[in-house]
Amino acid sequence: MRYIGNKTRLLGFIRRVLRARGIEPGSAVDPFTGTASVASELKRLGFRVVASDIMEYAYVFGRAYVEVAAEPSFDGLAPEIADLPMQAAVPDRSVLASVAAPALVIGCRGDATHPPQVAEQLAAALPNATLHIYDQPAVLWTNRADLRLRISEFLNG
Ligand SMILES: C[S@@+](CC[C@H](N)C(=O)[O-])C[C@H]1O[C@@H](n2cnc3c(N)ncnc32)[C@H](O)[C@@H]1O
């Protein structure tokens, strides 16, 4: 993450210091964890990490990158959320045929809350739609530059 004071670029240095001083994985405390870059690297190296920070953003990073041991499963998705993608805002999709404006429909695979077939159906229902489906979820993080370019080109086109 671009954040003033983020230590991602120092991780190699930190690893070299640990190696040079013979510090084996044990317990580590990162009291000003910020983006949790150091804490998550220490965890990756096998340390038991305690991370803290006064700011809530850091709590979120800590939960995501330090506390959570694996990618969460969505087996326990609340039924209200699990059903959401199949609910249609427009009960009769044929009305979408009268939309004259160009539309850009972005979808992705691998996100239970955004099935790609919904994006495909939406693009098919809009007469002037361009569809793009990414092969992975969380495109705001995984394909940010491409997504930005795609939207800019659409808006400027
Ligand atoms: C330079 S950043 C930490 C950078 C971090 N190592 C990283 O890689 O992102 C400093 C952090 O200290 C936290 N901080 C400042 N004063 C604090 C305090 N009194 N108690 C806890 N956290 C504090 C800030 O919220 C900020 O996230």
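What follows draws every value from the coordinates through simple rules; no lab data is involved. Bear in mind that the values here come from a model prediction, so they are computed numbers and not experimental data. Here the Cβ is made from the backbone with ideal geometry for all residues, glycine too, and neighbour counts use every protein chain on show.
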Nearest 10 degrees, 0 to 90: what angle lies between the long axis of helix 144-156 and the longest principal axis of the chain (Cα atoms)? 30
Measure nothing but the geometry: give the 0 to 90° angle between the long axis through the Cα atoms of 116-125 and the longest principal axis through the Cα atoms of the chain, rounded to 10°. 30
Out of L42, V17, A103 - ranked by how far each Cα lies towards the positive end of the dipole of the chain, with unit charges on the beta-carbon of charged residues - the top one is V17
Would segment 20-83 count as rounded, prolate or oblate if I go by the C-alpha gyration tensor, calling it rounded below 1.5 in a/c and otherwise prolate when a/b exceeds b/c, oblate otherwise? oblate
So, over other residues within a Cβ distance under 15 Å of N156, counting Lys, Arg +1 and Asp, Glu -1, the net charge is +1
Enter the angle in degrees (range 0 to 90, nearest 10) between the Cα long axis of helix 11-20 and the first principal axis of the Cα atoms of the chain, meaning the one along which they spread out most. 30
In Å and from the alpha-carbon atoms only, list the Rg and Dmax of the chain. 21.8, 70
In deg cm²/dmol, rounded to 500, what helix-only [θ] at 222 nm does the chain give when every DSSP H run of at least 4 residues adds -39500 (n - 2.57) and the total is split over its residues? -10000 deg cm²/dmol
Contact order normalised by residue count of segment 8-67, Cα under 8 Å, 6+ apart, percent: 32
If every Lys and Arg gets +1 and every Asp and Glu gets -1 at its Cβ, then about the Cα centre segment 90-157 yields a dipole, in debye to the nearest 20, of 120
For Cα pairs less than 8 Å apart in space and 6+ apart in sequence, what is the mean separation divided by the residue count of the chain, i.e. the relative contact order in percent? 14
Need one word for segment 97-157: rounded, prolate or oblate. Basis is the Cα gyration tensor (sqrt eigenvalues a ≥ b ≥ c); a/c below 1.5 gives rounded, then a/b vs b/c decides. oblate
